[in-house]
Each structure stands twice: as C-alpha cells, then as structure tokens.
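One structure below.
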Amino acid sequence: MIFKKKKTAAASNAAGNVSEAYVPVDADFEFIEDNADISIDSNYAALGFWHEAFLRFINKKSAMIGFVFIALITIFAIAGPNLNSYTYSEQNLSEKNLAPRIPGIEYTGFFDGSEVMRTTNGFKKVNGYFDKKLPTTFYWFGSDNFGRDIWTRTWSGARVSLIIAVAAAVIDMLIGLTYGLISGYFGGATDIVMQRILEICNGIPRLVIVTLLLLVLKPGMITIVIALMLTEWMSMSRIARAEMLKLKEREFVLASRTLGAGSMHIIFSEILPNIIGPVITQVMFSIPTAIFTEAFLSFVGLGIPVPQCSLGSLISEGFNSFTTHPYQIIPPIIVMALLMLSFNLVADGLREALDPKMKEQ
Amino acid sequence: MRKIDYTKEPLLKVEDLKQHFKMNRNYTVKAVDGVSFSIWPGETYGLVGESGSGKSTVGRSVIRLYDPTDGKIIFDGDDISGKMSRKTVEDLRVKMQMIFQDPMASLNPRKNVGDIIGEGLDIHKSYKSRDERTAKIKAILKKVGLAEEHISRYPHQFSGGQRQRVGIARALIMNPKLVIADECISALDVSIQAQVVNLMKDIQEETGTAYLFIAHDLSMVKYISDRIGVLHLGHLVEMGSKDEIFDNPVHPYTRSLLSAIPTPNPIAEKTRTAIPYDYASSGIDYRKGTYHLIDGTHYVKCTDEELKRFTEDKQ
C-alpha cells in the first residue's frame, strides 16, 4: 500500500511539470503492490506425497460431502439409539404403526404424528397419537408393525452396516491384498495355481455360498462376515496382483534384491507403499458392495436374525407395509442410499487424490 | 595412480557363463552364450556392445539376479554360480553391489534418501544404534557429493545427476569389493556423465573397489576402464587392455564399433567412415570360435581361418 502512495505522488509531480524531462524516483523501481493479495504459486514439489494427496482430497467438494455424511451417519449410529428411551427390540403392540412425531416440529404441521390413510370411503387423515390418547409419546421416525421405534432401529441397522463396512475393508486388506501380492510376486507355477483357485472361488455365486454356510452356521453377523470373507477379497487380489506385476521388474526392486532383501521385505516394504493408492481406492469401493450384500442378504431373510436389525431387514419389513405406512421404509432407505453414495464419492475422491495422473487422461 | 596386481587371484572369475531364457517350447533366447572373463581387485573392466548384445544380462547373472543356465562364477573365492549357502549369499549381497541405469526407476519413490541408502545396512543389520546408521549415511552422502540435509528428501526432489549419486551411495555404503555399473551413465546428459564417472574414479582411488563397467559409450569406456571386453550377440568376441583394444582392434565387429566413434576434430570427422559389420553376411560363426592370443592380454574369439582373414583384412 505504501508504495502505491509514493507512486501517485511521483506521478502527480511528473504531471505538474510536463515540459521537464522526467526524473525517475526510487518508487518507480518498486512493486506497486507487494502485499499478500498477490497469489503465489504453491510449490507442490516441496510437499510430501500424503500432504499433496490430502490437499487434493479436501479440495474435491463431492468427496468432502461424502466424507461429512459418513461422519454424520457414524456419529448417529454410535449415539442415535441412546438418544431416546426405546431399545431396538422393545415391542409395544398398543403403539404400533404410529407416524413420525417430533417434539417442537409437530406444531409446524410436519412430523405431527398424522398420516393419510386410504379407506373405502376415500382418503382420511388419522393421528394415532390422539386416537390412542398418547399426548406425551413421541416416535421420531414413527413406530413399526410391532410398535418398535424406527429411529432406534434405523441407527442400530446403520451400526450393523458400518461394522460390515469395516469388516469388508479389513478382509480386503488382509486376504485380498496378501493373496494378490504373493501371487503376483512369485509368478510362475505359484501364480497359476493361485489364480485357478481364485477363478473357482469366483465361479460360485455368493448366494449359494451364503445359503450353504447357513446349513452349518447360525444366521448372524459372524456368518455374514464369513460369507464376505469368502467372496469379497477377489477383486482386491486382482488389483494387487496387477500392480505387483507392473512394479516387480522395476529397477528399485532389483536394487533391493541385489542388497539381499528377502521376498517379504520386497513385497511389503518396497512394493506395498507404491500401490497404496489403488489399494485404498479399491477398499473404499468394496465397502458399499459389502454393505449392499449384507442388506440384500437381510432382505431375502438370510442376514441378521430378529429382533436385531440391519438396514436391509428394516427395508424388508417396511416393504411389507409400504402401501399403508410408507414412512416406515423411508428412514432406512435414505440412510442406506446416503451411506452407499458417500462411500462411492469418497472412493472417487481418494482415487483422484492418490493418483493425480488419472484426471489428466 | 592405483596399481593392479595381475599376479594375484582375480576377484571375479567368470567361466563359460551361459544365460538362456526359455520363451516357449520351441524358442530359447540365448542372451549370453559362453562368456569368460576375470576382474582383478581394484580394476575397472569395461563391457561394451550394442543394444541386445547381453551386456546387462552378464551383469545381472554375475550378481545373481538371474540363475545362470551354465558356467561358473567364482567371486572372492566362493562359487556363486549354482545353489549358494546362506553364508555365501550373505557375503555376495554385501561384497558385490550394483548401480542401475535409470536413476529415477532405481530409487523407490516412496522412500526418502536416508532409507534408500540405509536399506543395505538395515537388511544386514550392520549398525549398533540409530545414531551409527545416520552417521554412516551422512558420511556416504558427503562422499558422493550430496549434502547431509538431503537425507530426508524424496527421489523426485533431485535432479538426474543427484539421483545417480544416491544410487552410487546406496551401492557404496556396504563397502563392496565389486560394483557392477549397469549403463549407469547412459540416462544422464554429457556434463553430468563426466561428473559421475569422475566421482566413480575418485571413489575407486580411495576404496579400491573394482568396477564392472557396462556401457555402450566407447569413449567413456576408454576413459574409465583398464581392460575391455567386447560383447556381441552373447559372445565375448574380443578382450584385452584398453590400449590393446583401441590401438589394435582385430575382430571386425570391434573395428566397426571403434570406427563409429565420432572424433572432436571436424576435419578428421569429415573423412571418417564407419566400417559396416553384419554378422549374418560376414560368414563368421561365433559358436565355433575359440580364444586366440594376439599379444599380452589381448584375445580374440574366432577360428584359425577367421583370425587369418581378420589380420589380412586389417592390412
């Protein structure tokens, strides 16, 4: 700023004496504006890989939105069921099929506990809370066929989905990654045998595996995780193998070998850090698949046993009374859709953040 | 000047090394087909030849990145050609090191320079404390002309010449007796090539390591090598001391190679003609050739008739 003033002073001075030759002043050789407003090129070369990836990730709006939704759903899945006095299995048959009613908001006309029912005499607006004389009862998301609180059940269901998500990620990492890396690194006969095993596993439909598993195991979380373990790891192992094939002939790997590094050292400390980008991306993409698989299994009745619930079983229950009480199916569907969408968005953002070349193509 | 004692046992003795790669049932690539040479402690052996002649394969077989198909490799008194004992492997991985061609590809992009150079130390546990490790790495950085601060930087933050110095540091930190330099200067531009080669020479003066210097740049090989082997199609067609090869090339392939070197004198360069050489039409069969002594340490691989023809051609 200070230079600007000097400059104008010099300019007016010059304008006053047009006939005289202009004598340059010191201010002429200084920047007019040399303040923080001038955008300076960030020197990305000086940043570390992770720092750079982090910056790219937070600059991507869709990925950040996905991230925020995942965080919100996670918080509600942890805290949500404890926010009211109901439990996920508590039945109150005298309070069944009540529409959503939220204290405070009820006076606006929304979430006031009323619903429109179709009867033989045409449409009729009913409010179960008044009919049954329950002025102090609030089911935030309504109650289901057995008088259970849908709010509590939705978030317990989300909890199951998130546990499945974590399990899927761990399975991908531990089994898929290790299998793919070892198969790719050793190559030759090892690779052929391992790939044939993978193809055989891949050939058996997931539903068949789960149904067969249910013959030996009780339905429940463990069974679903085992089912995922048997089927989820394959796409990850393929990616890991492909990346390994690409990298294992690179000179830095040869350099490690000439230094006497063992196979495990090369696989896990030389090559793994170089493929962590695609690996993380693949993990994030496999999470929605796993969540959906669980929901699907629950929907067809092979998943979590009652009275426990998952998003899939909630959708299945809501589906039965969808035509009469549509509010019962909406919360689990919205949470489920948001969860899948968010994981996909985050995965996409991570892919671009970890592999910047991808975007340029 | 360093003195090489040729009466001693050679550090590396390669006898009739064969390295074949089976592509499929009917087709085998004979990358190296019966190569013999020796390297004495402290000397630089230059291996030259065109692309695909098997230079790099020789280097990689010697350091056992490949399993040799046939032949014998004796390194520092140990046979390293077949199945090696645990102790031999350990010895080999410490005493023989390699510098790679592409300075970018040979450094792990996710590791910092300290970890890249220290990898050998880590694997062989050749330090007692973290401080000792850091001190060793810093000392070697200084030796190759890099600064101590570079220890925490990543490969992409260096220029090509600096990266190659990191590669050299990684090889030298183990105090190797033999360094295989596999086209270690071909990816650098000429001024940097000179820097790197001079660095290698200085280090040789200081530590007495031997080099197997693999290159296709003949003038650079002439500058750094004591003895030279000329490789063509997996056969070592001619070998001898630097002067013997450059002053009196006998094999037509060697003469063709040498005639292709540009001279800095523009008048001489105008009249320079490269001698063409085509193996298929030359009527020479490398497989039939045996080593014929020309003089001193100068050998040519050929049959008796071929040798006669070569010497006549020269006149």
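Listing for the model above:
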| item | result |
| --- | --- |
| Selected residue (criterion: farthest from the chain's Cα centre (by Cα)) from residues of region A:205-263 that are surrounded by fewer than 20 Cβ atoms within 10 Å (Cβ to Cβ), within 14 Å of chain B (Cβ to nearest Cβ) and touching a residue at least 40 places away in the same chain (Cβ under 8 Å) | A:SER263 |
| Among the residues listed as B:LEU141, B:LEU121, the single one being within 11 Å of another protein chain (Cβ to nearest Cβ) and assigned to a helix (DSSP H, G or I) | B:LEU121 |
| Filtered residue count, region B:144-158, keeping only those that are more than 14 Å from B:LEU199 (Cβ to Cβ) and either within 12 Å of chain A (Cβ to nearest Cβ) or in contact with a Phe, Trp or Tyr (Cβ under 9 Å, 6 or more places away or on another chain) (or both) | 8 |
| Elements of type helices (runs of 4 or more DSSP H) in region B:255-315, at least 3 residues being farther than 27 Å from B:ASP217 by Cβ | B:304-314 |
| Hey, B:ASP226 of a type in the set (Asp, Glu) and at pLDDT 85 or above or not | yes |
| Selection from region A:264-275 of residues that are more than 7 Å from chain B (Cβ to nearest Cβ) and crowded, with 18+ Cβ neighbours inside 10 Å | A:ILE266, A:ILE267, A:ILE271, A:LEU272, A:ILE275 |
| Evaluation of A:ILE192 against (1) buried (at least 16 other Cβ atoms within 10 Å of the Cβ); (2) free of Cβ contacts under 8 Å to residues at least 12 places away in the same chain (one fails), failing number | (1) |
| Restricting region B:1-34 to residues that are among the aliphatic types (A, V, I, L, M) and within 21 Å of B:VAL237 (Cβ to Cβ), the residue that is surrounded by the most Cβ atoms within 10 Å (Cβ to Cβ) | B:VAL32 |
| Residue selected from region B:90-108 under the condition within 13 Å of A:SER256 (Cα to Cα) and in a helix (DSSP H, G or I), by the criterion nearest to the other protein chains (Cβ to nearest Cβ) | B:ARG93 |
| Leading residue by the ranking (surrounded by the fewest Cβ atoms within 10 Å (Cβ to Cβ)) among those in region B:124-136 that are touching a helix residue (DSSP H, G or I) at 6+ places or on another chain (Cβ under 9 Å) and within 14 Å of another protein chain (Cβ to nearest Cβ) | B:HIS124 |
| All positions within region B:53-71 that are without any contact (Cβ under 8 Å) to a residue 60 or more places away in the chain and either more than 13 Å from every other protein chain (Cβ to nearest Cβ) or of a type outside the set (S, T, N, Q) (or both) | B:ARG64, B:LEU65, B:TYR66, B:ASP67, B:PRO68, B:THR69, B:ASP70, B:GLY71 |
| Positions within region A:81-127 being more than 21 Å from A:PHE322 (Cα to Cα) and touching a Gly at 6+ places or on another chain (Cβ under 7 Å), in sequence order | A:GLU106 |
| Given (1) under 15 Å from the mean Cα position of the chain (by Cα); (2) within 14 Å of chain A (Cβ to nearest Cβ), number of the condition B:MET200 does not satisfy | (2) |
| Qualifying residues in region A:72-96 (those that are assigned to a loop (DSSP other than H, G, I, E, B) and of a type in the set (D, E, K, R)) - the one farthest from A:GLY318 (Cα to Cα) | A:GLU90 |
| Matching option when the condition is basic (Lys, Arg), assigned to a loop (DSSP other than H, G, I, E, B) and more than 9 Å from chain A (Cβ to nearest Cβ), among B:LYS87, B:LYS111, B:LYS83 | B:LYS83 |
| Meets criteria (surrounded by 12 or more Cβ atoms within 10 Å (Cβ to Cβ), of a type in the set (Gly, Ala, Ser) and in a loop (DSSP other than H, G, I, E, B)) for A:ALA99 | yes |
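The values are calculated or read from the model by the stated rules, or taken from the named source; none is laboratory data. Keep in mind that this is a model prediction, so the values were computed, not measured. Note: ideal-geometry Cβ built from the backbone for every residue, glycine included; neighbour counts use all protein chains shown.
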